Amino acid sequence: MGRQNNIKWSEADEKELKRVVRNYNAKINRLAKKNPKMQNALPDKLSSRDVNELKNLIVTRKDFNRELNSLKR
């Protein structure tokens, strides 16, 4: 397996991460509104601080894609 290079953050990458997080939070809101009893079972929403932490944790392009796919699911 080859060496993994560090990610070079582009403006499009940052926009994509913010968009996916916004969609993730919206889905949690929809599910909580649809079934208020299950609200405690849903995961916490992500804040802008969490987005910055995610950005610091993402080192490679593979990590970036893995996080995006995880949030989309």
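The values are calculated or read from the model by the stated rules, or taken from the named source; none is laboratory data. Since we're looking at a predicted model, the values are computed, not measured. Cβ coordinates were reconstructed from backbone atoms using ideal geometry, including for glycine residues, and neighbour counts include every protein chain displayed. The area values use the complete protein model at the heavy-atom level, side chains included, leaving out ligands, DNA and RNA. Shrake-Rupley method; radii C 1.70, N 1.55, O 1.52, S 1.80 Å.
Quick notes
- DSSP-assigned coil residues among trypsin sites (Lys or Arg not before Pro) in the stretch 1-31, each with at most 12 further Cβ atoms within 10 Å: Arg3, Lys8
- Helix 61-72 axis, angle to the chain major axis (alpha carbon atoms, nearest 10°): 10
- Full extension of the chain segment joining Asn23 with Lys45 gains 6.9 nm, where the gain is 0.36 nm per residue of separation less the Cα-Cα distance.
- Computed lengthening from Gln4 to Asn52, 0.36 nm per intervening residue step minus Cα-Cα distance: 15.1 nm
- Using just its DSSP H runs of length 4 or more, each adding -39500 (n - 2.57), the chain gives a mean residue ellipticity at 222 nm of -20500 deg cm²/dmol after division by all residues.
- Axis angle, to the nearest 10 degrees, between helix 11-34 and the longest C-alpha principal axis of the chain: 20 degrees.
- Selection among Met38, Ser48, Tyr24 by position relative to the dipole of the chain gives Met38 as farthest towards the positive end (Cβ unit charges, Cα centre).
- Ligands, DNA and RNA are left out, and with a 1.4 angstrom probe the accessible area of the chain is 83 Å² per residue.
- Rounded to the nearest 20 debye, the dipole size of the stretch 12-73 about its Cα centre is 400 debye, using +1 on the Cβ of Lys and Arg and -1 on the Cβ of Asp and Glu.
- Gain on full stretching of the segment that runs from Lys15 to Leu31 - 0.36 nm per residue minus C-alpha separation: 3.3 nm
- Taking the C-alpha atoms of the chain, convex hull volume expressed per residue in Å³: 96
- Pairs beyond 19 Å (Cα-Cα), from Lys18/Lys72; Lys34/Lys55; Lys8/Lys55; Lys18/Lys55; Lys15/Lys55: Lys34/Lys55
- Carbon plus sulfur fraction of accessible area for the chain, probe 1.4 Å, in percent: 48
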